[in-house]
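Input: a single structure, listed below in structure tokens.
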Amino acid sequence: MAKKKKSEFAKLPSEDKTALIIGYTILGLFCVAIVLPMIYIILASFVDPVTLQNQGLTFDFSKWTLTAYERVLSNSQIWVGFRNAIIYSVLFTVISVVVTLLAAYPMSRSDFKGKGFFNLIFMITMFFGGGLIPTYLLISNLGMLDSPWAVILPGAFGVYNMIIARTYYQGIPKDLQEAAEIDGANEMVYFFRVLLPVCTPIIATIAMWNFVGMWNSYFDAMIYLNSASKQPLQLVLRSILIQNQPEPGMVSDMQSTAQRAQLAELLKYATIIISSIPLLIMYPFFQRYFDSGIMAGAVKG
Amino acid sequence: MKQEGIKNSNSKRGGNGLHSVLVYVRQHWQLYVLFIMPAFLLTIIFRYIPMGGVLIAFEEYNPIRGILGSEWVGFEHFQRFLSSPDFMRYLLNTLKLSVFGLLWGFPAPILLAFLLNRILSTKIKQKIQLVLYMPNFISVIVLCGIVRILLSPTGMINMLFGTSWNFMTMPSAFRTIYIASGIWQGAGWASIIYTAALSNASKDLKEAAVIDGANIFQQIKAVEWPAIRDTVLVQFIMSVGNIMSVGFEKAYALQTDLNLASSEIISTYVYKVGLLDGNYGFSTAVGLFNTVINVILLIAMNQIVKKMNDGKGMY
């Protein structure tokens with residue numbers, strides 16, 4: 001194989017070779033630009049805070065330490081954040097996938113009466129919304145402030161995902177439905193027993209995007225959830241990474257402000273690594289749905 | 001059982017008017033009550049009720065007296081922010097961020113797709129794609145955390161150049177940081193759609209072009225570009241339609257007190273003036289103004305796509 005590729009390359013005219021080499025270099029540089037910061041952060045997270053600030057990265061292993069990891073992992077707020085993020089993301093994924101898949105079914109049927117009406121109702125929300133304050137006041141009037149439902153329910157029905165699911169349903173051969181009808185299956189039976197089992201790729205894709213989306217978002221949680229015990233991971237990360245306010249207890253035993261600042265900086269590295277581990281574990285699973293995610297990626301990415 | 005199936009198909013063909021609709025709804029009540037109702041209720045409650053709430057933009061909102069009981073002020077809020085120099089700055093910041101973002105960010109995934117398409121080994125190509133797609137899964141907070149770490153006065157970038165600039169406090173650096181980190185995170189993933197379109201490019205056509213002695217640039221011009229041209233156009237028009245909807249999350253996470261001169265955009269301003277300062281009416285008016293411009297842009301762009309696509313729009 002390799003030999004064949006090589007000869008293919010060798011056969012090219014020289015100007016093409018130059019173009020290809022330049023192209024591969026650009027691509028390679030882009031990959032390096034992606035990977036390099038990640039490697040830097042992984043390595044730096046082990047370096048002693050004072051050394052890191054004064055000399056930068058070092059491979060003198062006597063200067064390496066696990067203190068940042070110990071401090072981050074022994075802090076309860078990080079774990080609270082992880083727990084909440086898992087709960088919210090799982091709940092959101094389940095609810096949104098169920099609601100979306102259900103709604104997409106009638107919308108996929110050509111005989112569904114009222115399709116135009118529902119279509120219009122759903123489409124308008126893609127263009128127009130009430131905006132921040134009216135939504136906030138609604139949540140407040142519903143008594144949902146500081147409740148996880150304020151983060152989960154408002155976005156649970158995604159019109160765009162509904163369209164993707166609907167398109168997928170429409171690609172399923174009609175014979176399947178006719179056969180089911182002849183066998184006496186009603187809508188429920190057809191939908192759950194016949195249609196859904198052949199739609200697993202699109203279900204997995206929608207579930208993946210909803211999970212990642214909820215896991216990564218922070219805005220709704222920031223405005224609706226005030227209690228520390230309800231904060232999802234991203235809000236905990238925000239106070240450490242963005243606001244420079246490590247959780248109390250992470251740095252408070254340090255004597256001087258300078259020491260505290262250096263330690264706080266190092267904690268950021270460890271926090272980034274720790275918070276990325278679930279993602280790294282799930283990435284290979286996500287990978288299987290990249291291709292079916294093409295449509296989803298087009299708009300979301 | 002079988003009879004019901006036949007009755008079903010009869011009613012599908014049978015007559016029109018209210019009666020047949022009622023018969024249909026009775027026969028297919030599950031479609032309405034079980035399938036579409038949850039989505040419909042969520043949409044009405046969380047999307048349409050707030051739309052009624054935009055009335056706040058035209059009043060001096062008083063939480064005790066409610067939306068209907070508060071004092072009407074007409075277009076006063078709109079006049080106030082349209083005539084304020086601050087607002088013009090936020091509007092310009094928003095537009096600059098999205099226009100320059102489009103200028104740099106739009107071609108990047110197309111270039112990546114062309115380059116990926118030139119890799120002969122499928123295995124290597126897949127490995128590179130895995131690397132390119134990964135940043136897309138990083139959260140905004142972690143991305144901005146990485147950016148802040150790398151750009152801090154003692155961070156990697158300053159170490160490399162032996163300097164100690166504090167980029168996060170420089171208004172002049174904000175847009176570059178925002179756009180470059182956006183490309184870093186999103187260009188790989190955005191290239192997926194072009195890669196897919198490129199894989200549809202006819203192999204025969206390409207082989208013919210190679211036999212005719214076309215060089216790479218001629219091949220791109222004759223075979224590959226035509227295969228993705230429509231996708232590029234639709235993506236471009238959609239991006240233009242979204243030019244006023246610069247997201248809140250990333251801009252807010254990259255803001256510092258010192259770079260506000262270029263980092264304060266409409267969405268962050270709406271948040272601050274509304275939720276932090278409690279000017280509900282004013283904030284809603286600014287948000288409504290932004291939404292209306294956005295809707296106009298989107299509809300206009302959708303019309304253009306329709307014209308190109310023989311009547312088939314994006315929505």
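Values in this text are rule-based calculations from the coordinates and carry no lab data. Quick caveat: nothing in here was measured; it's all calculated off a predicted structure. Don't worry about glycine lacking a Cβ; one is built from the backbone with ideal geometry, like all the others, and counts go over all protein chains shown.
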Next item on the list: Return the long-range amide H neighbours of A:G56 (sequence gap of 5 or more, or a different chain), with a cut-off of under 5 Å between placed amide H atoms.
Entry: none
Notebook entry, point to check: What percent do you get for the relative contact order of chain B when only Cα pairs under 8 Å and 6+ apart count?
Noted result: 22
Checklist line | Other protein chain Cβ atoms within 10 Å, averaged over every residue that makes up A:117-130 | finding: 6
Item checked: Rel. contact order, % - alpha carbon contacts under 8 angstrom, at least six apart, segment B:186-250 -> 39
Item checked: Nearest-0.05 FRET efficiency for A:K17 and B:N166, computed from C-beta distance (R0 45 Å) -> 0.50
Notebook entry, point to check: Amide H neighbours of B:E59 under 5 Å, counting only residues 5+ apart in sequence or on other chains, H built in-plane at 1.01 Å?
Noted result: B:V73
Checklist line | Among B:L112, B:V246, B:I146 - extreme Cα towards positive end, dipole of segment B:85-308, charges at beta-carbon | finding: B:L112
Check: For the cross-link pairs A:K63/B:K125; A:K17/B:K221; B:K123/B:K203; B:K127/B:K206; A:K115/B:K306, which exceed 28 Å when the distance is taken from alpha carbon to alpha carbon?
Finding: A:K63/B:K125
Item checked: For segment B:212-217, Karplus couplings with θ = phi - 60° (6.51, -1.76, 1.60), whole Hz, Gly/Pro x -> 6, x, 6, 7, 4, 5
Next item on the list: For an R0 of 56 angstrom, estimate the FRET efficiency from the Cβ-Cβ distance between B:I299 and A:S62 and round to the nearest 0.05.
Entry: 0.30
Note to self: Per residue of segment B:115-123, what does 6.51 cos²θ - 1.76 cosθ + 1.60 with θ = phi - 60° give for ³J(HN,Hα)? Whole Hz please, x for Gly and Pro, Karplus curve as stated.
What the structure shows: 5, 4, 5, 8, 7, 6, 8, 4, 5
Notebook entry, point to check: Between A:Q287 and B:M37, what is the label-to-label distance in nm when each label sits 7 Å out along the Cα-to-Cβ direction?
Noted result: 4.5
Item checked: DSSP-loop chymotrypsin sites (Phe, Trp or Tyr not before Pro) across segment B:15-103, with at most 12 other Cβ within 10 angstrom -> B:F75
Margin query: Sequence gap at least 6, Cα distance under 8 Å: using those rules, report the relative contact order of chain A to the nearest whole percent.
Written below: 29
Margin query: I'm a student and want to see the number: the projected area of the Cα convex hull of the protein assembly as shown, averaged over all directions, in nm².
Written below: 34.4
Check: What is the average number of partner chain Cβ atoms found within 10 Å of a Cβ in B:184-190?
Finding: 4
Check: Among A:32-45, B:104-117, what's the highest-first ranking by average C-beta atoms within 10 angstrom per residue?
Finding: B:104-117, A:32-45
Check: In the Gaussian network model of chain A, springs joining C-alpha atoms below 10 Å, which of A:Y190, A:Y105, A:Y169 carries the largest mean-square fluctuation?
Finding: A:Y190
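Evaluate peptide B:197-208: per residue, the Cβ atoms of other protein chains within 10 Å of its Cβ; return the mean as an integer.
Per residue, the average neighbour count from other chains is 0.
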